[in-house]
Ligand SMILES: Cc1cc2nc3c(=O)[nH]c(=O)nc-3n(C[C@H](O)[C@H](O)[C@H](O)COP(=O)(O)OP(=O)(O)OC[C@H]3O[C@@H](n4cnc5c(N)ncnc54)[C@H](O)[C@@H]3O)c2cc1C
Ligand code: SF4
Ligand code: SF4
């Protein structure tokens, strides 16, 4: 790692999701030196866990592939995975970042043949599938992972599994002596793109996410559609594996609620509208979707999408914030109780499965930033001069869809470029 | 119509929301309601209300003054606070319900014969007398609320509970003649009087 060159004209991008990748590419493709610091073992972020993108219903893998090729082809970009910024000092034009790199135990010789995984016995929760399934203690994070290189989980180090994996590798790619490393990197500007995490649905006590098997979250529902995902691409209930054709979506699960997240997460109305098309894609006319909402926020051009879903006779809209969910013990069906505000009708509706459209919150907690930043009440990074040469991109700045996240990343890249250009002029 | 009621109609004419904001406890919160309905769905007595909270809030905004104030709905609130803890806008719904009921009573247009209201009045009269609740008289008055014959029936039905309370020292027969009071009864009365003056001054202004 000592061969990394970083100067006051380098742009540091923290977080390698779609926003971080975009910012890195924008800067690198006009000739700036960029270092991407990604916490997980591969870049791509949360969009790699989506089945399709609204509004076009195309596959995220397509855009990922294009971006990954652009990155791989660009010598100005260095990507450090399993890396975190533990400290950040200085100001615009002159930052020093302390970066901690966790050992992967697999070096660049890896061809992703998977021989190591086939001999390892330990199985661990797979975060790519929101822990709905397990992966081996030696694993590739997912099919589109970049770098396409296996990882040995720290849990199997110093066990027989680690030795077995090493013995199985024909390319001498497994290095059990790898240690945690700490680097100090210079940078002129920083693009902060650490993204979001789903709101913890278990906190919404009346919805019983932690008590009722067939109440799941929207991010888990996305994973069910992936043919390589935890259910092999089937929409089935966690309790008994039965096909879930009658599905309820509950909007604003955690958002727009002063007890939880105050803000509107902005993408979840569109996410549920999109996911309603998954149900019709699977079950055609047998699909029976109910969307419980306060008001549908399909902003500007997304309204077309909303209108199209509304025309579908298999999708019903119920204007109501559901009061609570109980389980019908006989069949495992969640029963939703509440009042339909249009006409004030009280209901107790039974469904096969309930999807909570959970809110988005910043992935980094308010007090966990390595340098003081101006944040708003919800912990998103403000665009503020006090933040000097640090610019937020994507969902670390606000709850955004991919289109808007990418726009925000481009804007931040431009601001970062201006800072390092000023440094270059001063240094002559 | 009471004078106060006519006065309020005059004063606020077409704006019931303003009237509620100025005169009902926590009334300034009403406009914050976003009509999500979670309060109505969460109320354990909800099915028995003519108009659950979120409907009342919409009716206030729509200026349905008589329908709201003469309604029995807010009298159904048992202060369980289910709605209040769930409201995503943190409206103090329970307090607004009591505020509306109280305001209707002040105006003299509250629903007559509504049992919760009657009980509340009995409870208050009982408490205001000595500064302490006289359980025995409260019970007796309550049982005979709907006439003598009915009262005997209710009282006999409740005899077991009464006996239990008597045995455990929760109910004293001495309460029939006078009963226990606060230490400074005249001070207590003066305090209540002052509070009532302040309240009148607030509403009349
Ligand atoms: C259910 C659901 C469905 C959605 N569907 C769509 C859709 O169909 N279309 C659409 O446009 N949008 C959709 N979205 C929104 C989309 O997921 C986001 O817009 C997108 O993920 C934003 O990308 P990002 O790069 O800003 O954040 P992320 O994807 O969260 O990427 C952040 C990256 O930073 C890394 N990181 C985090 N912390 C650190 C740290 N401390 N140090 C270093 N790295 C770190 C993470 O590992 C990750 O790789 C959906 C969202 C949800 C919840
Ligand atoms: S986008 Fe829709 S579901 Fe999400 S918080 Fe906003 S209104 Fe609620
Ligand atoms: S819960 Fe709150 S915001 Fe929702 S309808 Fe009731 S008062 Fe209005």
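The values are calculated or read from the model by the stated rules, or taken from the named source; none is laboratory data. Please read these numbers as outputs of a predicted model, since none were measured by experiment. Note that we place each Cβ from the backbone using ideal geometry, even for glycine, and neighbour counts take in every protein chain shown.
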Here the residues within the stretch A:337-373 that are surrounded by fewer than 17 Cβ atoms within 10 Å (Cβ to Cβ), away from every other protein chain (no Cβ under 14 Å) and closer than 25 Å to residue A:245 by Cα are A:350
Among the residues of the stretch B:31-40, is any part of a helix (DSSP H, G or I), more than 13 Å from chain A (Cβ to nearest Cβ), surrounded by fewer than 21 Cβ atoms within 10 Å (Cβ to Cβ) and at pLDDT 95 or above? yes
With respect to the numbered conditions (1) away from ligand 3 (no atom under 16 Å from the Cβ); (2) assigned to a loop (DSSP other than H, G, I, E, B), which one is the sole condition not fulfilled by residue A:421? (2)
Those residues of the stretch A:320-336 that are within 14 Å of another protein chain (Cβ to nearest Cβ) and farther than 16 Å from residue B:53 by Cα come to a total of 5
For residue A:341, state whether it is touching a strand residue (DSSP E or B) at 6+ places or on another chain (Cβ under 9 Å) and closer than 24 Å to residue A:261 by Cβ. yes
Answer yes if at least one residue in the stretch A:129-147 is within 30 Å of residue A:420 (Cβ to Cβ) and surrounded by fewer than 22 Cβ atoms within 10 Å (Cβ to Cβ), and no otherwise. yes
Residue identified as over 27 Å from the mean Cα position of the chain (by Cα) and away from ligand 3 (no atom under 16 Å from the Cβ) among A:315, A:309, A:364, A:358: A:315
How many residues of the stretch B:74-100 are in a helix (DSSP H, G or I) and within 14 Å of chain A (Cβ to nearest Cβ)? The answer is 6
Tell me whether the stretch A:236-247 contains one or more residues that are within 12 Å of ligand 1 (Cβ to nearest atom), within 25 Å of residue A:347 (Cα to Cα) and assigned to a loop (DSSP other than H, G, I, E, B). no
Can you pull out every residue in the stretch A:174-207 that is within 14 Å of another protein chain (Cβ to nearest Cβ) and either outside any helix (DSSP H, G or I) or touching a residue at least 12 places away in the same chain (Cβ under 8 Å) (or both)? A:199, A:203, A:204, A:206, A:207
With the condition kept exactly as written, say whether any residue in the stretch B:56-70 is in contact (Cβ under 8 Å) with a residue 24 or more places away in the chain, part of a helix (DSSP H, G or I), more than 30 Å from residue B:197 (Cβ to Cβ) and away from chain A (no Cβ under 12 Å). yes
Among the residues of the stretch B:13-33, is any more than 16 Å from ligand 1 (Cβ to nearest atom), within 28 Å of residue A:292 (Cα to Cα) and touching a helix residue (DSSP H, G or I) at 6+ places or on another chain (Cβ under 6 Å)? yes
Selected residue (criterion: nearest to the chain's Cα centre (by Cα)) from residues of the stretch A:154-173 that are surrounded by 17 or more Cβ atoms within 10 Å (Cβ to Cβ) and part of a loop (DSSP other than H, G, I, E, B): A:173
For the stretch A:262-283, name all the residues that are within 14 Å of chain B (Cβ to nearest Cβ) and surrounded by fewer than 22 Cβ atoms within 10 Å (Cβ to Cβ). A:262, A:263, A:264
If we keep just the residues of the stretch A:284-301 that are closer than 20 Å to residue A:397 by Cβ and away from chain B (no Cβ under 14 Å), which is farthest from ligand 3 (Cβ to nearest atom)? A:300
